[in-house]
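The values are calculated or read from the model by the stated rules, or taken from the named source; none is laboratory data. These numbers were taken from a predicted model, which means no experiment stands behind them. Quick reminder, even Gly has a Cβ in these numbers, built from the backbone with ideal geometry, and neighbours come from all protein chains shown. Surface areas here come from the heavy atoms of the whole protein model, side chains and all, with no ligands, DNA or RNA. Shrake-Rupley method; radii C 1.70, N 1.55, O 1.52, S 1.80 Å.
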Amino acid sequence: MVKDPFPALQPDDLHIWKTALNTELQGIEHCRQALSAIELERIPFFKFEQVQNNFIVSQGTLRILLGLYLGIEPSEVRIGRQNKGKPYSIDDPALHFNISNSGHICVYAFTHQNEVGIDVEHLRPLPDLDELIEKNFSVAEIDYINKKSDERSSRFFRLWTIKESYLKAIG
């Protein structure tokens with residue numbers, strides 16, 4: 001069987017990838033092999049095995065994707081952090097990327113165009129929804145969220161992820 005080639009990231013492209021975090025043991029081990037020594041040392045600091053596995057899969061997949069874009073082995077990918085913690089590629093600073101995870105999925109964005117941000121949220125009840133809305137949204141946004149009571153939660157998450165993506169893009 002011939003595999004499709006990895007898609008090249010053209011100058012105007014934006015690539016979005018998604019992976020499941022609740023993967024089989026084989027997938028976790030494949031991702032673990034992609035991690036750097038520093039990332040491997042961080043794993044035991046996560047108290048729960050599921051959180052450890054989420055870290056392994058999310059960061060391992062990021063390194064696998066970066067390695068494919070850069071044409072190097074995933075374990076050799078060098079990732080730096082900007083002042084506010086935003087990751088960047090030391091190997092190719094013109095390759096902009098971002099990552100987000102929630103629930104059982106992780107999403108990634110890659111581009112050469114501009115800084116990029118991405119956010120995903122698992123839709124769930126929030127006991128502090130009113131407080132979050134009041135502290136994080138403008139009057140117009142609050143009006144939008146509250147416009148339809150049966151859509152309040154989904155409207156909140158829609159605006160929340162837009163704001164998070166923007167903030168992650170600007171660093």
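Out of ILE38, ILE79, ILE64, report the one residue that is of a type in the set (Val, Ile, Thr) and farther than 20 Å from VAL107 by Cα. Write out each step before concluding.
Details: ILE79 fails: farther than 20 Å from VAL107 by Cα; ILE64 fails: farther than 20 Å from VAL107 by Cα.
That would be ILE38, the only listed residue that is of a type in the set (Val, Ile, Thr) and farther than 20 Å from VAL107 by Cα.
What number of residues within the range 36-72 are part of a helix (DSSP H, G or I) and open to solvent by 50 Å² or more (accessible area, probe 1.4 Å)?
Taking the range 36-72 and keeping what is part of a helix (DSSP H, G or I), we get 37-45, 49-70.
So of that shortlist, the ones also open to solvent by 50 Å² or more (accessible area, probe 1.4 Å) come out as 37-38, 40-42, 44-45, 49-51, 68.
Final tally of qualifying residues: 11.
Given the criteria touching a residue at least 60 places away in the same chain (Cβ under 8 Å) and among the β-branched types (Val, Ile, Thr), does ILE145 qualify? Lay out the reasoning, then the answer.
Details: touching a residue at least 60 places away in the same chain (Cβ under 8 Å): no; among the β-branched types (Val, Ile, Thr): yes.
When the stated conditions are applied, ILE145 does not pass them.
Quick one: ASP128 ticks every box in (1) open to solvent by 20 Å² or more (accessible area, probe 1.4 Å); (2) in contact with a helix residue (DSSP H, G or I) (Cβ under 7 Å, 6 or more places away or on another chain) bar one, so which box is it?
Of (1) open to solvent by 20 Å² or more (accessible area, probe 1.4 Å); (2) in contact with a helix residue (DSSP H, G or I) (Cβ under 7 Å, 6 or more places away or on another chain), only one is false for ASP128: (2).
Does LYS86 satisfy being open to solvent by 80 Å² or more (accessible area, probe 1.4 Å) and either among the basic types (Lys, Arg) or in contact with a helix residue (DSSP H, G or I) (Cβ under 7 Å, 6 or more places away or on another chain) (or both)?
Details: open to solvent by 80 Å² or more (accessible area, probe 1.4 Å): no; either among the basic types (Lys, Arg) or in contact with a helix residue (DSSP H, G or I) (Cβ under 7 Å, 6 or more places away or on another chain) (or both): yes.
Considered against the rule, which asks whether it is open to solvent by 80 Å² or more (accessible area, probe 1.4 Å) and either among the basic types (Lys, Arg) or in contact with a helix residue (DSSP H, G or I) (Cβ under 7 Å, 6 or more places away or on another chain) (or both), LYS86 comes out as no.
Of the residues in the range 4-25, how many are among the β-branched types (Val, Ile, Thr) and either open to solvent by less than 80 Å² (accessible area, probe 1.4 Å) or touching a Cys at 6+ places or on another chain (Cβ under 9 Å) (or both)? Quick ask: steps written out before the conclusion?
Initial filter on the range 4-25 (among the β-branched types (Val, Ile, Thr)): 16, 19, 23.
Narrowing further to those that are either open to solvent by less than 80 Å² (accessible area, probe 1.4 Å) or touching a Cys at 6+ places or on another chain (Cβ under 9 Å) (or both): 19, 23.
So the answer is 2.
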